[in-house]
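These notes are about the structure you will find just below.
The values are calculated or read from the model by the stated rules, or taken from the named source; none is laboratory data. Treat the numbers as computed from the prediction; the structure is a model and nothing was measured. Cβ coordinates were reconstructed from backbone atoms using ideal geometry, including for glycine residues, and neighbour counts include every protein chain displayed.
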Amino acid sequence: MIKVIKPYTPLFFSLAMLSGCGGGSSSSDTNTTPVTPPIVEELPSYIDVSALAGDATTHDTNNSGHGFSTPMPNLSPAELNLHLDGDTDFETAFTTAPNDTHPDLDGVGPVFNNNNCNACHQRDGRPSTVLPSTPDGRIKLGSDAGIFLRVSLADGVCNQPNSTNDYCKNTPVPGFGDQLFHRGVLQAREDWQQNHFGGQADVYLSYKYTEFTYPDGHTVTLKQPVFEVDNAWDSPSNYSLSELASSDVQFSARNGMPVFGLGLLEAITDEDILALEDPTDSNNDGIKGQANWVFDAVKAQQGIDNPVSLGRFGWKASTPSVRQQSLAALRGDMGVTNSLFAQESIANTLMHDSYLSRTNYQDTGTDAQGLPEASDEFSNAVVFYAQTLAVPARRDISNPDVRAGAKIFSEINCNGCHTPSFTTSTQSDLMLGGVKAPEGIKGQVIWPFTDMLLHDMGEGLADNRRDFLASGRQWKTRPLWGIGLTKTVNPGAGFLHDGRATSLEEAILWHGGEAQTSRDKFTQLNKDKRQQVIVFLQSL
């Protein structure tokens, strides 16, 4: 039996209204003809902005396939060297242990989704959307997939993370954990003779297609991913007996996302983000905005009581820092342990115990000195790299259609969630993930077009799986900076959390919930004005 899961996704295009201003009239006396001052058109604050990240903007890679891969231009020489070391490490492919020739590269798995960072963040952007190439219209996820499934047990609502409720972490699926690993090293499974490199289960992807018709008659084809899971390690011949087949197991797709500009987003103060919350919709604009409060592994490692911080990264703002996001992926997506996450993802499960005994404990998650598989030098460089990738400058800002689209973006309230601008912290001792922040990140006026908050995006994008305080209908507003270079960097990239949207237009059409009003206003525009919104987004 094959279990069918239908995750639904996000990218965030909720849409804000700035009021126009008209001129008033005045008269002096009855003998003077009243003069009406010319109307001064109020333009969005971002209409002429080119440097989206202040001094951390790169102006040299526009329209380049490597547009997301440039270091911040305001790094010191020592910082630049560390960034370049991290660049090499980001593309390093780990191997199965033991690797006697290159022991620094061994330790991938024993189950994993990919063996290097770049596989899920191609050229530091989005991965390619996986399209079926088999006669039955589906594809088995393998090494070319930048997407995977999160899994957990349905466990109700959690409103206040603390030690009593394990900080609102998801409840793992027995024998599997909280992520489904569709790849594995040799002998990862007991039935390895038949499944030489099998992971915890096989995952297949296909699509359900629908047509959307605008009021003017124009149609757009939308696709919705359908995931099927089979051949689970705990019951390979009968999926219905697997723990994954239990009715209380929840699945959610996760697609790789761009990694540039992350240090700047982490340097936005908590106060500036929390000032945008509106959980009761006090201004009656239909947009609420809620912060996610999440477990902070760095604080826990430091022994801080109540290790909880504001969530900033991931599709549901489920991690608080670039350090935790990067090193959790290193251990989680790749199976490479590190000092922050020193145990294998499937440690203490029957699958892992069986693997260790059958391979004579050749991969225990530590090196010959008993240290984690990734050294601190490697880990720190990768984190610094992700913190200090530059944001590409805007393009075509003088184009009349781009300027018109910027106004419409504001008029239909897209910036109700996609908050245009922040100024990063100027705190002298600013720490990012427990480490002193690079000076070039501080005090920058940035234009990421995100409020960093959670929003209900409607049933069409719901995954129905809680993530800390985020509900199954909530997703974090995606930053829009750099989005216009997405297809230049990777022509096969898709948008939203499961890559379902081939274009920005499709991504907008998937918006519902708090974004429904803005989405509907977009659909009611004529074709030329809809295109102007798109070309504005492509200028970012």
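If you scan the stretch 76-109, which residues turn out to be in a loop (DSSP other than H, G, I, E, B), polar (S, T, N, Q) and either at pLDDT 95 or above or closer than 22 Å to ALA381 by Cβ (or both)?
SER76, THR92, ASN99, THR101, listed by residue number.
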Restricting to the stretch 274-306, count the residues that are surrounded by 14 or more Cβ atoms within 10 Å (Cβ to Cβ), among the charged types (D, E, K, R) and more than 14 Å from LYS169 (Cβ to Cβ).
5
Find the residue count for the stretch 262-280, including only residues that are of a type in the set (D, E, K, R) and in contact with a helix residue (DSSP H, G or I) (Cβ under 7 Å, 6 or more places away or on another chain).
1
Under 9 Å by Cβ, and 6 or more places apart or on different chains, what pairs join a residue from the stretch 295-314 that is farther than 16 Å from ALA470 by Cβ with one that is crowded, with 21+ Cβ neighbours inside 10 Å and of a type in the set (Asp, Glu)?
ILE304/ASP296; PRO307/ASP296
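Kindly indicate the residue of the stretch 506-526 that is polar (S, T, N, Q) and assigned to a loop (DSSP other than H, G, I, E, B) and also farthest from the chain's Cα centre (by Cα) among those meeting that condition.
Kept after step one, since they are polar (S, T, N, Q), are these residues of the stretch 506-526: 516-518, 523-524, 526.
Filter again for assigned to a loop (DSSP other than H, G, I, E, B), leaving 524, 526.
On the way: GLN524: 29, ASN526: 31 Å.
Out of the qualifying residues, it is ASN526.
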Being touching a Gly at 6+ places or on another chain (Cβ under 7 Å) and modelled with pLDDT of 90 or more is the filter here, so list the residues in the stretch 123-142 that pass it.
ARG123, ARG126, PRO127, SER128
For the stretch 281-295, what are the residues that are in a loop (DSSP other than H, G, I, E, B) and in contact with a helix residue (DSSP H, G or I) (Cβ under 7 Å, 6 or more places away or on another chain)?
ASP285, GLY286, ILE287, LYS288, ALA291
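Out of the stretch 503-517, which residues are within 27 Å of ALA51 (Cα to Cα) and either buried (at least 20 other Cβ atoms within 10 Å of the Cβ) or not small (Gly, Ala, Ser) (or both)?
First, the residues of the stretch 503-517 that are within 27 Å of ALA51 (Cα to Cα): 503-505, 507-508.
Of everything in the stretch 503-517, those that are within 27 Å of ALA51 (Cα to Cα) and either buried (at least 20 other Cβ atoms within 10 Å of the Cβ) or not small (Gly, Ala, Ser) (or both) turn out to be LEU504, GLU505, ALA507, ILE508.
Of the residues in the stretch 221-260, how many are farther than 30 Å from ALA393 by Cα and assigned to a strand (DSSP E or B)? Step through it out loud before you land on a result.
Just the residues of the stretch 221-260 that are farther than 30 Å from ALA393 by Cα, to begin with: 221-253.
Narrowing further to those that are assigned to a strand (DSSP E or B): 221-230, 249-253.
Of the residues in the stretch 221-260, 15 are farther than 30 Å from ALA393 by Cα and assigned to a strand (DSSP E or B).
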Selection count where residues are buried (at least 23 other Cβ atoms within 10 Å of the Cβ), touching a helix residue (DSSP H, G or I) at 6+ places or on another chain (Cβ under 7 Å) and part of a helix (DSSP H, G or I), scope the stretch 110-150:
1
Go through (1) assigned to a loop (DSSP other than H, G, I, E, B); (2) among the aliphatic types (A, V, I, L, M); (3) at pLDDT 75 or above; (4) surrounded by fewer than 17 Cβ atoms within 10 Å (Cβ to Cβ) for ILE39 and report which single condition fails.
(3)
Within 15 Å of the chain's Cα centre (by Cα), touching a residue at least 40 places away in the same chain (Cβ under 8 Å) and part of a strand (DSSP E or B): does that describe TRP475?
yes
Would you check if there is a residue in the stretch 472-484 being in contact with a His (Cβ under 7 Å, 6 or more places away or on another chain), surrounded by 22 or more Cβ atoms within 10 Å (Cβ to Cβ) and among the aliphatic types (A, V, I, L, M)?
yes
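Which one is nearest to the chain's Cα centre (by Cα) among residues in the stretch 261-273 that are outside any loop (DSSP other than H, G, I, E, B) and crowded, with 16+ Cβ neighbours inside 10 Å?
Going residue by residue through the stretch 261-273, those that are outside any loop (DSSP other than H, G, I, E, B) are 262-266, 270-273.
Checking which are crowded, with 16+ Cβ neighbours inside 10 Å leaves us with 262-266, 273.
Working: LEU262: 11, GLY263: 14, LEU264: 15, LEU265: 13, GLU266: 14, ILE273: 18 Å.
The qualifying residue nearest to the chain's Cα centre (by Cα) is LEU262.
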Counting only helices (runs of 4 or more DSSP H) wholly inside the stretch 324-431, the ones holding at least 2 residues that are without any contact (Cβ under 8 Å) to a residue 12 or more places away in the chain are 350-358
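So is GLY434 farther than 26 Å from LEU340 by Cβ and either of a type outside the set (S, T, N, Q) or under 16 Å from the mean Cα position of the chain (by Cα) (or both) or not?
Details: farther than 26 Å from LEU340 by Cβ: no; either of a type outside the set (S, T, N, Q) or under 16 Å from the mean Cα position of the chain (by Cα) (or both): yes.
The answer is no for GLY434.
Would you point out the residue of the stretch 390-422, among those that are of a type in the set (Val, Ile, Thr) and farther than 16 Å from ARG530 by Cβ, that is surrounded by the fewest Cβ atoms within 10 Å (Cβ to Cβ)? Steps first, answer last, please.
First pass over the stretch 390-422, keeping only residues of a type in the set (Val, Ile, Thr): 391, 397, 402, 408, 412, 419.
Subsequent filtering for residues that are farther than 16 Å from ARG530 by Cβ retains 391, 397, 419.
Values: VAL391: 29, ILE397: 17, THR419: 21.
Within the stretch 390-422, the match that is surrounded by the fewest Cβ atoms within 10 Å (Cβ to Cβ) is ILE397.
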Looking only at the stretch 446-466, filter to residues that are touching a Pro at 6+ places or on another chain (Cβ under 8 Å) and either in a loop (DSSP other than H, G, I, E, B) or modelled with pLDDT under 95 (or both); which one of those is surrounded by the most Cβ atoms within 10 Å (Cβ to Cβ)?
MET457
Could you list, in sequence order, all residues of the stretch 160-209 that are under 16 Å from ILE139 (Cβ atoms) and part of a loop (DSSP other than H, G, I, E, B)?
HIS182, GLY199, ALA201
